[in-house]
1. Taking the residues in segment 99-128 that are in contact with a Phe, Trp or Tyr (Cβ under 9 Å, 6 or more places away or on another chain) and of a type in the set (Gly, Ala, Ser) as candidates, determine which candidate is surrounded by the fewest Cβ atoms within 10 Å (Cβ to Cβ).
2. Looking at (1) at pLDDT below 95; (2) small (Gly, Ala, Ser); (3) under 26 Å from ASP184 (Cβ atoms); (4) in contact with a strand residue (DSSP E or B) (Cβ under 7 Å, 6 or more places away or on another chain), which one does ALA96 not meet, given that it meets all the others?
3. Restricting attention to segment 129-167, and to residues there that are crowded, with 17+ Cβ neighbours inside 10 Å and among the polar types (S, T, N, Q), which single residue is nearest to ALA85 (Cα to Cα)?
4. As an exercise: evaluate SER57 against (1) outside any helix (DSSP H, G or I); (2) out of contact with any Leu (no Cβ under 8 Å at 6 or more places or on another chain); (3) closer than 19 Å to ALA27 by Cβ; (4) modelled with pLDDT under 95 and give the number of the one condition it does not meet.
5. Which ones in segment 151-187 are without any contact (Cβ under 8 Å) to a residue 60 or more places away in the chain and assigned to a loop (DSSP other than H, G, I, E, B)?
6. Filtering segment 62-83 down to residues that are among the polar types (S, T, N, Q) and either out of contact with any helix residue (DSSP H, G or I) (no Cβ under 8 Å at 6 or more places or on another chain) or at pLDDT below 85 (or both), which residue is surrounded by the fewest Cβ atoms within 10 Å (Cβ to Cβ)?
Amino acid sequence: MAHEFLTNLSDRRILLGVSGGISAFKAVALTSMLVQSKAQVEVILTRAAMKLVGPSSFQAFTGRQVKTHTFVSPEEVRSNHIQLAQWAQLFVVVPATANTLGALAHGLGNNLLTCTALAVQCPILLAPAMNSAMWANRIVQDNVRRLKEFGFQFIGPAEGVLACGTTGPGRMEEPEEIYLKIVDLLKR
């Protein structure tokens, strides 16, 4: 599918973190758009994300091994999160679940995605996705406020029909909207 709005991102290095929300499947479409734009894309999948979408989908688009563990291999002491953090020009997390938002807001590096987010020096864009009641929860909203104060960028969530069958805020923005936000952030 050709997207007329695609921008040439050939000199850009984008790290895409995928956490375990049902909208993780949308991250595959976003990856496709970024690769069509000639961006270099590295993908991190959390353990929960791998239950919803497989690494092979991302590897097919990026031509790169998907990252899932903090350490490169059991035999090596080198850690993925530092290498990825130094490489990235923009870190995008889609979907950003309540769990991921909470970990980031409180400096917890409990998986490769959050460890890397703690080490990056580049902008971080979060695309939240969760049930409306979870999104409205005062704890989640406090975490969002904290993250904004720390300089994290947000897109969404949108309102609409959610996977649980309810309607309201909490739906992850569409890949095209996230892509446009990425281009905007990279232009700054």
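1. Per the criteria, the residue is ALA105.
2. In the conditions (1) at pLDDT below 95; (2) small (Gly, Ala, Ser); (3) under 26 Å from ASP184 (Cβ atoms); (4) in contact with a strand residue (DSSP E or B) (Cβ under 7 Å, 6 or more places away or on another chain), ALA96 misses (1) alone.
3. GLN153
4. Exception for SER57: condition (1).
5. GLY151, PHE152, ILE155, GLY156, PRO157, LEU162, CYS164, GLY165, THR166, GLU173 - these are the residues of segment 151-187 that are without any contact (Cβ under 8 Å) to a residue 60 or more places away in the chain and assigned to a loop (DSSP other than H, G, I, E, B).
6. Restricting attention to segment 62-83, the residues satisfying the condition of being among the polar types (S, T, N, Q) are 62, 65, 68, 70, 73, 79-80, 83.
Restricting the remaining residues to those that are either out of contact with any helix residue (DSSP H, G or I) (no Cβ under 8 Å at 6 or more places or on another chain) or at pLDDT below 85 (or both) gives 70, 73, 79-80, 83.
On the way: THR70: 17, SER73: 9, SER79: 17, ASN80: 20, GLN83: 15.
My answer is SER73.
The values are calculated or read from the model by the stated rules, or taken from the named source; none is laboratory data. In this text the structure is predicted, and so the values were computed from the model without any measurement. Don't worry about glycine lacking a Cβ; one is built from the backbone with ideal geometry, like all the others, and counts go over all protein chains shown.
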